[in-house]
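Notes for the one structure printed next.
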Amino acid sequence: MGNRSSNHLGIPPPKGPSAVGCTDFMMDHTAQGSFFRLYYPCQETEKAEKPDWVPSREYFNGLADFMKINRTLSERIFNYLFGSFKIPAYLDAPFKSNGKCPVVIFSHGLGAFRTLYSAICAELASQGFIVASVEHRFFLYNIIIFCHSQVKQRADECILALDKLTQINSGRPVQNVLQTQFDWTTLENSMDLCRIAVMGHSFGGATAIEALCKEVKFKCGVALDAWMFPLDDEVFPRVKQPIFFINSEKFQWAGNIIRMRKLDSAVIQRKMITIRGTVHQSFPDFTFLTGNWIGKLMKLKGEIDPEVAIDLSNKATLAFLQRHLGLEKNFNQWNRLIDGEDDDLIPGTNVKVLQSAI
């Protein structure tokens, strides 16, 4: 890959049997529209290029605003650190049909955007999934006040993305205002709409749980280091699908784990593991794109090798999805990871929680 230099910085390529393509879909420019990056199994081609990891300089400005630092200075820093990296997928490459693909809707974390989890999304696509990584609208002001309403809006945006994929799958024409080179008609009858999951990181993890509550078409959910505060208590008893919590070792705290435990069930599988040596930013692509010293200073890296951590997370996710979507794959070879059976995993959590608090 062109973005993996001699010091090994770069987003790891997917490990599955399929090459991976990606393209963008934007329904319209209104507040009711849908915007997502689609990852899919593709035909191998020499002509296709890999897109920039950060789609445009405006995203550097957005990160600066979120981090409350000077735009001009931050743009130079971000561009120096991250401006040369590429997504590990081929832009607008032709879709490769090999049976109907299960579907995953992915929700990013607070202050992030649709391209920042490409190591996860591309891996799923290389294993035969079609993945829509949603770009959520974000209102920076009064975030604590608005996060309860935002998680509902975010869930609706995940559901809308699924609705657009359903329309595309049916063969009905869709308007993509971005005018990409991808032929959307090739996706007709490409998706197995009986096998749909929702997944997300941090605020996106809460979004995934909210989406499970609102839409039964999602058969299961995976929450990566979920931030549970935005969820109303009334949501917990209404979620009927299996959920898999994959946590970092350094981010979680007792109050957050207690809210996860409110989803425990005697009849519905709710699993939790913790990856040793990880931090909250071990899931987005940032962790692969900085050297060890800067990465730890900025809390983008933990003690574990980032590629080992994401590989464990991805394999555990695939095993869970096979189990609960009824897939005929070989992902069950990693079933032990769902139970935390690995030297780099902790079954459940490393956080001490009083049983009486649960």
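What the table below lists for this structure:
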read-out: Longest to shortest principal axis, alpha-carbon extents of region 40-140, angstrom; value: 49, 29, 16
read-out: Simple label model, 7 Å out from Cα along Cβ direction - L81 to W293, nm; value: 1.5 nm
read-out: Contour minus Cα-Cα distance for D305 and F229 (0.36 nm per residue); value: 24.4 nm
read-out: Filter on K214/K352; K15/K301; K152/K240; K214/K301 - keep pairs with C-alpha separation over 24 Å; value: K214/K352; K214/K301
read-out: Gained length - V174 relative to F146, 0.36 nm times residue gap less alpha-carbon distance; value: 6.9 nm
read-out: Qualifying aspartates and glutamates (Cα of each under 14 Å from Cα of K96; at least 8 residues distant if same chain); value: E44, D183, E188
read-out: Cβ-based net charge around R336, under 11 Å, with every Lys or Arg adding one and every Asp or Glu removing one; value: -2
read-out: Net charge of neighbours whose Cβ lies under 13 Å from the Cβ of F95, counting Lys and Arg as +1 and Asp and Glu as -1; value: -2
read-out: Kirkwood hydrodynamic radius (C-alpha pairs) into Stokes-Einstein, the chain, 4 °C and 1.567 mPa s, D in µm²/s; value: 63 µm²/s
read-out: Overall form of region 218-358 per C-alpha gyration tensor (a/c, 1.5; a/b vs b/c); value: oblate
read-out: Prolate/oblate/rounded label for region 292-358 (Cα gyration tensor, a/c 1.5); value: oblate
read-out: Helix runs (DSSP H) in the chain reaching 20 Å along axis by Cα, Kyte-Doolittle at least 0.0; value: 143-170, 306-325
read-out: Cα convex hull of region 158-281 - mean projected area over all directions, nm²; value: 9.4 nm²
read-out: Cα centre as origin, Lys/Arg/Asp/Glu Cβ charges: the chain dipole, Debye; value: 500 debye
read-out: Net charge contributed by nearby residues that have their C-beta within less than 11 Å of N292 (K/R +1, D/E -1); value: 0
read-out: Region 250-331 shape via C-alpha gyration tensor axes, a/c threshold 1.5; value: oblate
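Read-outs throughout are calculated quantities, based only on the coordinates presented, and are distinct from any laboratory measurement. Nothing here was measured: the structure is a model prediction, and the numbers come from that model. Quick reminder, even Gly has a Cβ in these numbers, built from the backbone with ideal geometry, and neighbours come from all protein chains shown.
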